[in-house]
Amino acid sequence: SQNIYILGIESSCDDTAASVIHNGNILSNVIASQKIHEEYGGVVPELASRAHQQNIVPVVDQALKKAGITKSQLHAIAFTRGPGLMGSLLVGTSFAKSLAFGLNIPLIDVNHMQAHILAHFINEAGYKKPPFPFLAMTISGGHTQIVKVSDYFDMEVIGETIDDAVGEAYDKSGKILGLGYPAGPEIDKRAQLGNPKAFKFTKPKVDGLNFSFSGLKTAILYFIQKETKANPNFIEENINDICASIQYTIIGILIDKLKLASKQTGIKHIAIGGGVSANSGIRDALKKGEQKFGWTTYVPKFEFTTDNAAMIAIVGYLKYLESDYASFNVTASARLKI
Ligand code: KG4
Ligand code: ZN
């Protein structure tokens with residue numbers, strides 16, 4: 001009976017993205033990734049907002065074209081309100097407001113962290129949707145959280161990082177090893193060729209379900225400094241084993257906390273999201289968890305796990321069904337909470 005088209009816009013960090021959703025089905029998912037930051041080994045906020053400014057009109061245009069619709073067919077505009085970089089968020093927020101205002105259709109604000117989780121509810125052949133309640137672990141360059149999800153918009157953060165995000169741990173380790181940015185995929189590739197027990201890095205002691213990754217980065221730095229002093233070729237000669245050992249430590253930290261979260265809540269449906277969910281180590285560990293602990297695990301399609309606008313569009317659709325619209329006074333919020 002319904003025939004709803006919603007445009008989703010994402011601009012919280014360094015990707016300018018737009019997507020059109022028709023009911024629960026993604027018709028287009030366009031993303032302009034900003035290469036400029038690679039030269040700096042991390043996202044430069046000032047450059048990010050400038051690039052969003054350049055990219056947003058062409059990206060939205062392309063999303064509509066790929067979906068085969070015109071903007072007059074849209075029912076609502078959904079946009080990322082936060083959390084993220086203020087200068088980046090402002091570009092998407094202002095654009096979404098103007099477009100919704102011009103078309104005289106509802107504006108829908110979306111929490112980026114909720115969107116990473118609700119991406120699991122996009123209709124996609126071969127991917128199952130988790131039943132409520134489930135646990136969601138969002139792992140990326142910007143986030144590390146475990147969330148108890150009781151309903152679409154009934155979520156509780158039960159654990160999060162107290163310092164670096166897990167993707168940052170990968171990227172900063174990669175920097176120490178002289179790998180490119182972002183280093184996660186490269187470390188993952190090399191890890192699969194190395195011995196995970198070659199070198200031992202102690203796991204941080206953090207109470208409860210929270211995470212810490214900054215100590216690991218420092219431990220790796222000191223270890224590499226010490227070893228290269230004795231053997232200047234240490235990194236080259238051991239790169240695969242070093243990567244495997246780092247990966248083993250990081251995945252161990254994530255899985256320990258997931259095990260604890262599952263035990264504490266009694267929930268065995270476990271969903272992951274964010275760029276690090278592409279990691280082979282976490283995927284293997286989740287599969288083992290299915291056998292060892294009776295978990296059912298959910299990993300979304302890759303294009304819906306990294307920062308993208310399809311996840312914003314699905315939240316827009318779910319909120320549209322509830323007539324849960326934003327006021328035109330709404331402002332971007334860098335530290336928006338779940
Ligand atoms: O979700 P995402 O594209 O952007 C945000 O940070 O929000 O995640 C990017 C992060 C980077 O830190 C990157 O190094 C990491 O995800 N990453 C990986 C892998 N693929 C991407 N980390 C480990 N293993 C991977 N295969
Ligand atoms: Zn994200």
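If the viscosity is 0.890 mPa s and the temperature 25 °C, what Stokes-Einstein diffusion coefficient in µm²/s follows for segment 129-299 when Rh is the Kirkwood radius over Cα pairs? Each step should come with its number before you reach the end.
Values: Rh = 16.4 Å.
Estimated via Stokes-Einstein, D reaches 150 µm²/s.
Amide H contacts under 5 Å for Q34: T16, restricted to partners 5 or more places along the chain or on a different chain, H placed in the peptide plane at 1.01 Å from N. The DSSP beta bridges internal to the chain are antiparallel in roughly 60% of cases. Distance from the alpha carbon centroid of segment 98-114 to that of segment 21-73 works out to 15 angstrom.
For the pair segment 298-319 and segment 147-192, the centres of their Cα atoms are 18 angstrom apart.
What ranking do 146-154, 325-333 get when scored by the average of other Cβ atoms within 10 Å per residue, highest first? Could the numbers behind the result be given before it?
Working: 146-154: 17.3, 325-333: 14.6.
Ranked from most to least packed, the peptides come out as 146-154, 325-333.
Each Cα pair under 8 Å and six or more residues apart adds its separation to the average, and for the chain the resulting relative contact order is 25 percent. Here K71 is the anchor, and the aspartates and glutamates within straight C-alpha reach of less than 19 Å, apart from those fewer than 8 places off in the same chain, are E10, D61, D109.
Each reported figure results from applying straightforward, stated rules to the coordinates on display, with no laboratory input. Predicted model only: the values in this text are computed from it and were never measured. FYI the Cβ positions are ideal-geometry reconstructions off the backbone, even for glycines, and counts take in every protein chain you see.
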